Amino acid sequence: RASTQAILAVVLSWCMMIAFLWFRFGQVRFGVAAVVALVHDVLIAVAALGVAGWIINPPAVVPAGLAGFLSSIGRSLLIEDFKINMTTVAALLTIIGYSVNDTIVVFDRIREMRGRLGRITPQVINDAINQTLSRTILTSITVWMVVLVMYIFGGSSIRGFNYCLLVGTLAGSYSSIAIAAPLLMLGVRTEARPKPATERAPLPA
């Protein structure tokens, strides 16, 4: 039941994000691009939960020596056999909110620069990413350091929540730059540059 509720909550949040960004930026592709990045972030976080369980409880096909080594490494890193429950669902929704915030910052800059040119071009997207890159990196480092402290000293009751955030904040920062913004170019016609006119040789008299 927890898994079903998690899927429903995440899908509903994606639909609301598409509607909001469509209204905010006037084009549905902004919402679709952001949600594709959010799907990436959630899948990375859920995969990290699965990897944690695999490390703590390796499958039978893993040799005993390697299984013991993985378990000891995992416990030294405070990794547990995290399950999908309401705590991890809250972490996934937090990741979605954090990631879409980074994405909107980039989209706003793209819209400002598009206003001068009248259309979105690869150069506009590249310039917008470069102008917001330092802000994205500094914000991600700050959030990640706070979550890391909570992961170490917060106790086992919220460790699964913080574990998801540790992975999700990194994935969200990456996706807002490398996935969401470039996806805006899908469906956009690129205007071909006019070829320079070649001088015609004079005809012989």
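Laboratory data are not the source of any read-out in this text; all were calculated from the coordinates shown. Quick caveat, the model's predicted, so the values are computed rather than measured. No Cβ is skipped: glycine too gets one built from the backbone with ideal geometry, and neighbour counts run over all protein chains shown.
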Going from the fewest other Cβ atoms within 10 Å to the most, one would list SER99, SER173 as SER173, SER99
Ranked on Cβ counts within 10 Å of their own Cβ, fewest leading, ASP102, ASP81 go ASP81, ASP102
With 0.36 nm assigned to each residue of separation and the Cα-Cα distance removed, VAL146 to VAL36 gains 36.9 nm
Applied in sequence order to the range 46-54, the curve 6.51 cos²θ - 1.76 cosθ + 1.60 (Karplus, θ = phi - 60°) yields integer Hz couplings, x standing for Gly and Pro, of 5, 4, 5, 5, x, 5, 4, x, 5
The helix 2-25 Cα axis meets the longest alpha-carbon principal axis of the chain at an angle in degrees, between 0 and 90 and rounded to 10, of 20
To the nearest 10 degrees, the tilt of helix 122-153 (Cα long axis) against the first principal axis of the alpha carbons of the chain is 10
Taking Cα atoms, the helix 64-76 axis meets the longest principal axis of the chain at an angle in degrees (rounded to 10) of 80
Gyration tensor (Cα only) of the range 2-113 to equivalent ellipsoid, semi-axes in Å sorted down, yields 37, 15, 11
Counting all Cα-Cα pairs in the chain, those more than 21 Å apart amount in percent to 61
Stretched fully, the stretch from PHE153 through CYS15 gains (0.36 nm per residue minus C-alpha distance, one decimal, in nm) 46.1 nm
For ASN85, other-chain or 5+-apart residues with amide H closer than 5 Å (H placed, Pro excluded) are none
